[in-house]
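The values are calculated or read from the model by the stated rules, or taken from the named source; none is laboratory data. It should be emphasised that the depicted structure is a prediction, and the values quoted were computed from it without experimental measurement. All Cβ positions, even for glycine, are placed from backbone atoms using ideal geometry, and neighbour counts span all protein chains on display. Surface accessibility is based on the protein's heavy atoms, side chains included, excluding ligands, DNA and RNA. Shrake-Rupley method; radii C 1.70, N 1.55, O 1.52, S 1.80 Å.
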Amino acid sequence: MSWFDTPCTLGGVSLNGRFIVESGPFGHSGASIAACMKAGFSAVSTETISMTDGTSPWWNIYRAGDSLYNCSKWSDIPLAQWIEQEIPFAKANHAVVIATVGHTRQDMEEIAPQLERCGVDAIKACTYHADEIVEMVCAAKRLTRLPVWAKISANWPDFLPLARECQKAGADALVAIDTLGPVSYWTCEERPALGSSGGVGWLSGAGIHGKALYVIQQLRAQLQLPIVGVGGIMDADGVLRAKAAGAELFGLCSTLLIHGLGHLETIQQDLRKEQQPPKFPDAPWRGKVHIDVDREQCSNCGRCAALCGYLALSMGEQELQTEDAACRRCGLCQQLCPAIHLEPVI
């Protein structure tokens, strides 16, 4: 077994591995949860269950490359149906269910005890409102005996103090991060990108990965709780980055909407190829650099010169010319072409 598919207990939940499905369309119903478990996930977070109707507008997810914009709301399935049908169906199919509850303390007080009675494995508190999250954790701990996970949003002005308060309130794990927004997005196509007013929605997928890594780093440096890394984990490299930042479980959502549930197997196969986790970089070189060009590899195509805004690269006499003094060490050229290397001048 590899490290990511070894059974473990984290955040008070017994799991067969380190991959879970984060809240979204694949946590829409008991049937979708069962499909996720069949695909090899260790647990599934439901869509956010609320006392408020979550019917989304028509056209509520739009793909832009490896990022998604969405104006989808929370679950449009009423609480009674979750309790009487969806959760029992998922549990009958051996699912580990993390019930996501939002978005207020009142929601949590009404919903959490009923979800406990129908057999969910943990409660996850999720809210848009920074002033609600700690009270929601307190309510879930007070009214149930279930593990309670707190979803941390980078949209909150001060996520770290709130995460610290969630830990004090008894949270068993932190989930970081939620989608980023609000944002606006529209296209020139006949159909709208998003069916909400003004194309307003939330961003997920690759576009938020860097922010997620930053939040995970900060949480790990300050707190002792297990962290579920969520946010733009699209492939094996994303898993390794989240692991290096401090995550112990890995939640997938947007990548499944782009590539399908079978993408988990691809990620796992790639992780088995003895990849080394990325290391945090050393302090950057602040001195001068020399632009070294391997003339045997360089085809003098001129692409690097065309993209160098600092004019450190140029084409003269049909051969690439370099100007070390003009270089500002951005590194874009050596990412573009293996013939170019920036070397420190000691």
| Options SER314, SER299: the member that is out of contact with any His (no Cβ under 8 Å at 6 or more places or on another chain), assigned to a loop (DSSP other than H, G, I, E, B) and not basic (Lys, Arg) | SER299
| field | Which listed residue, of ILE267, ILE340, ILE346, ILE291, is of a type in the set (Val, Ile, Thr) and open to solvent by 70 Å² or more (accessible area, probe 1.4 Å) | value | ILE346
| request: Examine the range 250-267 for a residue that is acidic (Asp, Glu) and either under 13 Å from the mean Cα position of the chain (by Cα) or closer than 25 Å to ASN60 by Cβ (or both), and state whether such a residue exists. | output: no
| Conditions (1) buried (at least 17 other Cβ atoms within 10 Å of the Cβ); (2) within 18 Å of ALA43 (Cβ to Cβ); number of the one not met by ASN93 | (1)
| Condition test on TRP74, is it part of a loop (DSSP other than H, G, I, E, B), closer than 23 Å to LYS211 by Cβ and open to solvent by 30 Å² or more (accessible area, probe 1.4 Å)? | yes
| said: Quick test of your reading of the structure: ALA80 fulfils all but one of (1) surrounded by fewer than 14 Cβ atoms within 10 Å (Cβ to Cβ); (2) in contact with a helix residue (DSSP H, G or I) (Cβ under 7 Å, 6 or more places away or on another chain). Name the failing condition by number. | reply: (2)
| message | For the range 62-71, which positions are surrounded by 16 or more Cβ atoms within 10 Å (Cβ to Cβ) and either among the charged types (D, E, K, R) or in contact with a Pro (Cβ under 8 Å, 6 or more places away or on another chain) (or both)? | response | ASP66, CYS71
| task | May I ask you to list the residues in the range 308-331 that are surrounded by 11 or more Cβ atoms within 10 Å (Cβ to Cβ), modelled with pLDDT of 95 or more and within 33 Å of the chain's Cα centre (by Cα)? | result | CYS308
| note | How many residues of the range 193-212 are surrounded by fewer than 24 Cβ atoms within 10 Å (Cβ to Cβ) and more than 14 Å from GLU22 (Cβ to Cβ)? The answer is 12
| request: Scan the range 331-346 residue by residue and report those that are farther than 17 Å from TYR310 by Cβ and either free of Cβ contacts under 8 Å to residues at least 40 places away in the same chain or small (Gly, Ala, Ser) (or both). | output: ALA339
| remark: Pairs returned, first residue in the range 71-85 that is within 14 Å of GLU116 (Cα to Cα), second residue that is in a loop (DSSP other than H, G, I, E, B), beta-carbon separation under 9 angstrom, 6 or more apart or interchain, are LEU79/SER50; LEU79/MET51; TRP82/SER29; TRP82/THR46; TRP82/SER75; TRP82/CYS118; ILE83/CYS118; GLU84/CYS118
| Residues satisfying the stated conditions in the range 214-260, i.e. closer than 16 Å to GLU22 by Cα, part of a helix (DSSP H, G or I), open to solvent by less than 50 Å² (accessible area, probe 1.4 Å) and without any contact (Cβ under 8 Å) to a residue 40 or more places away in the chain | GLY238, ALA242
